[in-house]
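What follows is a short report on a single structure.
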Amino acid sequence: MTRRSQWLPLFLLLGIWAGVAIWIIAAAPEPQRVPLAYVTGKADRTKASRPQAGAGLKVNLDLLAAAQRRAQEAFVAPKNIFAPLPTEKVAPAHAKRPAPGSPTAPAVAAPPVPRPPSPEELAAEAARQELAQFRYLGYLSRDGGQQAFLSKGKELYIVRSDEMIEQRVRVKTVTPTSVTLQEPRSQVERTVPLVEGK
């Protein structure tokens, strides 16, 4: 192939593209011309016939003042939740104290001292705290038996009714909605509901 025969297809394609471009420009329709609807300086007839917005309206100041008075009367000063609680006034150190037994001497009663919890109450509270750590995660009914999936921290337990967990907690009942756990020594029971959506 000669150099001239290589350039011929290029010039031929460029000529076709130029012809198509000229044809598209020549065949394009002329844009439509529409007269303007608004002419500067002339008033719109529809606006002129319509009354002005807000014309003839008046504000009744008496009603406005009455509404403000009602709002002020309904306002109650907010309670300061950070204010110290009212306490008894302490007499200054230089004030004279009445002699004990005199008619003006107030009788000072010591506040009652609560009794310490008994060992049974302490054991019951510890059992409640331990039972509160269990979560009921799921339920399975298989071969006529019901199994519950319980968790305590990172531990997972699959248990049935009347089984022991860690030799300290007895599974009393298993239902689809809850599990009843019992601490055998203190006889404290807790019903753990099924945890939904976790």
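Throughout, read-outs are computed from the coordinates displayed, never taken from laboratory work. All figures in this text were calculated on a predicted structure; none of them were measured in a lab.
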Interchain or long-range residues, amide H under 5 Å from V192's placed H: V179, T180, L181
Anisotropy class of the stretch 124-193 from Cα gyration tensor, a/c 1.5 cut: prolate
Spatially proximal aspartates and glutamates relative to K172 (Cα-Cα < 16 Å; intrachain offsets below 8 disregarded): E130, D162, E163, E183, E189
